[in-house]
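*Asks:* Sharing a structure below in structure tokens format, with a few things to ask.
The values are calculated or read from the model by the stated rules, or taken from the named source; none is laboratory data. Worth saying up front: this structure is predicted, and the values here are computed from it rather than measured. All Cβ positions, glycine included, derive from the backbone under ideal geometry; neighbour counts span all protein chains shown. Remember, those area values only see protein heavy atoms, side chains included, never the ligands or the DNA or RNA. Shrake-Rupley method; radii C 1.70, N 1.55, O 1.52, S 1.80 Å.
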Amino acid sequence: MVFEEIYELYWQKIFRLCMGYVNDTELAQDLAQETFIIVWQQLPKFRNESGIGTWIFRIASNNCLRQIEKEKKFSKTDLPIQLEEKKQESLEPQIQLLYQFISELPETERIIISLELEEVKQAEIAHIVGLSESNIRVKIHRIKEKLTKKFKENGY
């Protein structure tokens, strides 16, 4: 598979995965771009030990986790108080709310539900996350229950 095809096939999926982690459109775009820079650089070394999608999702997940660690080290009190938070206007309110709720989940749950929403097979999710397939099924069920509860609490 050539890089351009990979990019076309996976860009939206990786972007949405990143949105699930950071709930910030610009940062998610940056993280997705960084992911594809790594994919482009590492593609000649890809050994087909797993599916190309699994490999790319793992790169994106690791990239997002590194970003979250950086944010934990950065003091948000240094930000100017008068800045207004900007959101991408084109997302439907329920989708924005979904990304917000996903971003509030623990890291492992974020990756699991984001991959599930991208219709990644549960066996691949298990491989990416490092858990058993049965454990993934249980976690997905519980995460969906949590998200449904949050939607109900917000009047949806």
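*Asks:* Given the criteria loosely packed, with under 15 Cβ neighbours inside 10 Å, more than 16 Å from the chain's Cα centre (by Cα) and at pLDDT 80 or above, does K87 qualify?
*Replies:* Answer is no for this residue.
*Asks:* In the range 1-57, which residue that is touching a residue at least 60 places away in the same chain (Cβ under 8 Å) and of a type in the set (A, V, I, L, M) is most open to solvent (accessible area, probe 1.4 Å)?
*Replies:* Per the criteria, the residue is V22.
*Asks:* What about E69, is it modelled with pLDDT of 85 or more, open to solvent by 70 Å² or more (accessible area, probe 1.4 Å) and either among the charged types (D, E, K, R) or touching a Ser or Thr at 6+ places or on another chain (Cβ under 9 Å) (or both)?
*Replies:* no
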